[in-house]
Amino acid sequence: MAKVIALANQKGGVGKTTTAVNLAASMAATKRKVLLIDLDPQGNATMGSGVDKYGDVPTIYDLLIEDKPIEDVIIKETSGEYHMIAANGDVTAAEVKLMELFAREVRLRNALEKIQDQYEFIFIDCPPSLNMLTVNAMAAADSILVPMQCEYYALEGLTALMDTITQLARLVNPSLQIEGILRTMYDPRNRLANDVSEQLKQHFGDKVYRTVIPRNVRLAEAPSFGAPAMYYDRASSGAKAYLALAGEMLRRKEKTASVVA
């Protein structure tokens, strides 16, 4: 069964979509079967995967609102070598229409149950706000990966996100937990970044990934070429960092599996 990981942070501009695209590509490069789901109406993960959100492509709207079979909305040709479910502006309407539907909080979870045995990882790129799309992601996920910058306001936002996760776990998904906290756009020369980083490690311990994602111009440029960083510039520090993150996550998964066994 696939491990379903939602990438979420209520604060925008923290590298959430960059992480979703590049982590999916890095996992796919290790020969894991990966599905990336774009739940953000901006469709940035879709474009960053080499899929034209303005073209005639099926989207998450078709799955959640039009009840199309999940097999019919999965796009198998992407620049990152993973499968994906795309998003575009139509998904904005899904936020409203979901409110009218039965079992609206678990529509994504119910759909994923049909294909979970076909993948090892399913990543969900959430919108940077708490709405019914995010609730669907939280209900479907096994865990949440939180990308965040090491700055004061990001630390405040993390506190709010933890409260949200606690509430949603109680309401729609009692088994929901934190997968890990990822430090993004990290500059070790910045004293505040180092201070916040230390606070994170003190508060969350081994939930904070050892891998950090540096500020890297190649990571910023890659989406405009419709490709993850590892296919735009494999030698860049950003591409190497996401490959390292994938390796760290796989080691954690194997360690957990051995403990359970």
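Equivalent-ellipsoid semi-axes (√(5λ), Cα gyration tensor) for the range 83-230, whole Å, largest first?
Values for the range 83-230, descending: 29, 20, 15 Å.
Only Cα pairs under 8 Å and at least 6 apart count here; give the relative contact order of the range 96-141 as a rounded whole percent.
Reported relative contact order: 55 percent.
Taking the simple approach of a point 7 Å from Cα along Cα-to-Cβ for both GLU248 and LEU155, what is their distance in nm?
Between GLU248 and LEU155, the label points sit 1.9 nm apart.
Roughly speaking, what is the stretch gain from MET99 to ASP163, that is 0.36 nm per residue apart minus the C-alpha to C-alpha distance, in nm to one decimal?
20.8 nm
Loop only by DSSP, 11 or fewer other Cβ within 10 Å of the Cβ. Give me the trypsin sites (Lys or Arg not before Pro) in the range 187-222 that pass, ordered by residue number.
ARG189
With labels modelled as points extended 7 Å from the Cα through the Cβ direction, what inter-label distance (nm, one decimal) is found for ALA235 paired with VAL172?
Distance between the two pseudo-spin positions: 4.5 nm.
With every atom except the alpha carbons ignored, what do you get for Rg and Dmax of the range 1-139, in angstroms?
13.5, 41
Using 1/(1 + (r/R0)^6) with R0 = 35 angstrom and r between the beta carbons of SER258 and VAL106, what's the FRET efficiency to the nearest 0.05?
E(calc), rounded to 0.05, equals 0.65.
Which pairs, out of LYS114/LYS255; LYS207/LYS255; LYS3/LYS53; LYS53/LYS207; LYS31/LYS76; LYS11/LYS31, put more than 24 Å between their alpha-carbon atoms?
LYS114/LYS255; LYS3/LYS53; LYS53/LYS207; LYS11/LYS31
Which order do peptides 119-128, 177-186, 68-77 fall in by mean Cβ count within 10 Å, highest first?
119-128, 177-186, 68-77
Considering the chain as a Gaussian network with a 10 Å cut-off on Cα pairs, which listed residue, THR19, THR46, THR78, attains the greatest mean-square fluctuation?
Looking only at THR19, THR46, THR78, the largest GNM fluctuation is found for THR78.
Give or take rounding to whole Å, what are the principal axis extents of the alpha carbon atoms in the range 155-257, in descending order?
The Cα atoms of the range 155-257 stretch 42, 34, 29 Å along the principal axes, largest first.
For LYS97, go through the lysines and keep the ones whose alpha-carbon is under 16 Å away, minus same-chain ones fewer than eight residues off.
Reachable lysines: LYS68.
Taking all pairs of distinct Cα atoms, average 1/r, flip it, and tell me the Kirkwood hydrodynamic radius of the range 3-260 in Å to one decimal place.
Here the Kirkwood hydrodynamic radius works out to 18.3 Å.
All of the numbers you see were taken from the coordinates with simple rules; none came from a lab. Quick caveat: nothing in here was measured; it's all calculated off a predicted structure. All Cβ positions, glycine included, derive from the backbone under ideal geometry; neighbour counts span all protein chains shown.
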